[in-house]
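The values are calculated or read from the model by the stated rules, or taken from the named source; none is laboratory data. Just so you know, these numbers come straight off a predicted model, no measurement behind them. Cβ placement follows ideal geometry from the backbone for every residue including glycine, while neighbour counts extend to all protein chains displayed. Note: accessible area is taken over every heavy atom of the protein model, side chains too, but ligands, DNA and RNA are not part of it. Shrake-Rupley method; radii C 1.70, N 1.55, O 1.52, S 1.80 Å.
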Amino acid sequence: MNIKLHTPKSLKMGSGMNSLKQFLLSIVAILFTTCGMCVAQHIPQVPDYHDATMWITVEDDSTGTGADVFYVVSTWEEDWKTADSVVCHYADVWNPIHREHMATEINKVAAYMSPGNRFYAPFYRHTTIEAFMMQNQDSTQNRVRMAMDDVCTAFDYFQSHRDQSRPLIIAGFSQGGIAVVELLKHMSDETYSQLAAAYVLGYKVTPEDTLQTNHIKAAQGETDTGVTICYNTVKDVKYIQSVIAATCIGINPVNWRTDATPAILHDTITVTLSPEYHVLVVSGYSGSEYPAYKGFINVGDIHSCEPWLYSECLQKNIHIRAKEWRKLHQPTITCIRERGKLLLGTTGDYRPLSYGTLRQLHEKSGLVYAY
């Protein structure tokens, strides 16, 4: 399938920084104290989400019945230095090479998440892999705070410009999975009501996360909506990386079970959820295409497989949950805007109606539409 990438007009509007806070965050370097010493740290320029350069988007919903998918990319950069040897712990969204790295993953994910949907993925100043290799939860959270601020800013811009009568899907892999959890905390109840599902791929949801918001509800099956899908893949539970995968919720994306019922994937791979640890234990799959990285990931865990191994399952499930969301939020009528017609129930009874009559029917049904 050939995918044409383009940016809708709604994401080309305006320019410039939003606030003094963003301006201050764009200062080239800051000083912070580490073990009593002042260390220079380069902070990349803040993203401007009015600028189409900051987005990859795919419009592939020709029928108008799909979802709006907001995807957050994972970690692609290591610590790097500026020309004057100042260290940076973040990706630079204005650096074409860094954007190219992120686009590699985004385009591959778009290949299976965008068909039948509208797909949006922002570039953001994700923190470098070293933040996770510290193996310290507090240090990691401190390092990712700026990255999560970028994602929330991008999401707010996206949300303010999209058609909010459509089902919403949010998804992210690894550091992008952290962003999904943070977005669930960040979003309003009104936005949460538009959520068909949230997909946390290759990261954890902690008990503390669930106490901070009522928007995190663990998926229990294939069709529930407003829920969070979370999974992490290992060869054995002894390989769980606590900084990434010590999660309190999990579901098997192959059979959509939360118990230990095994599922067969691609005829040869057995995928079983551990109800105790909430991770996926696989057999018949080596994950050898994902070499170990600095002894940190892919060393018994198969962290790098998460968006790819189950891609067919995810693609199908996004459509299922979006369809279920529409059933719940449009239970009795489907608005057909062309030629002012209305399809009542499932009888196939098309009746030409004025928009005034259409509004009366909507109000009677308790549904709210923008005209």
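Counting only protein heavy atoms and a 1.4 Å probe, the range 80-157 has 37 square angstrom of accessible area per residue. Full extension of the chain between residue 65 and residue 261 gives 67.3 nm of extra length, using 0.36 nm per residue less the Cα-Cα distance.
Taking a quarter of the surface of the Cα convex hull of the range 131-267 gives a mean projected area of 9.3 nm². Label-to-label distance, residue 141 versus residue 161, with points set 7 angstrom from Cα along the beta-carbon direction: 3.3 nm.
Computed from the C-beta positions of residue 41 and residue 238, the FRET efficiency with R₀ = 41 Å rounds to 0.65. Rounded to a whole number, what % of the accessible area of the range 206-263 do carbon and sulfur atoms account for, probe 1.4 Å? Carbon-and-sulfur percentage of accessible area, whole number: 48. For the set 63, 127, the ranking by accessible area, highest first and with no ligand, DNA or RNA atoms included, is 63, 127 under a 1.4 Å probe. Remark: C-alpha extents of the range 238-301 on the principal axes read 33, 29, 16 Å, sorted largest to smallest. Accessible surface of the range 77-140, 1.4 Å probe: 51 percent of it comes from carbon and sulfur atoms.
Modelled spin labels at residue 286 and residue 328, positioned 7 Å past Cα toward Cβ, are 4.3 nm from each other.
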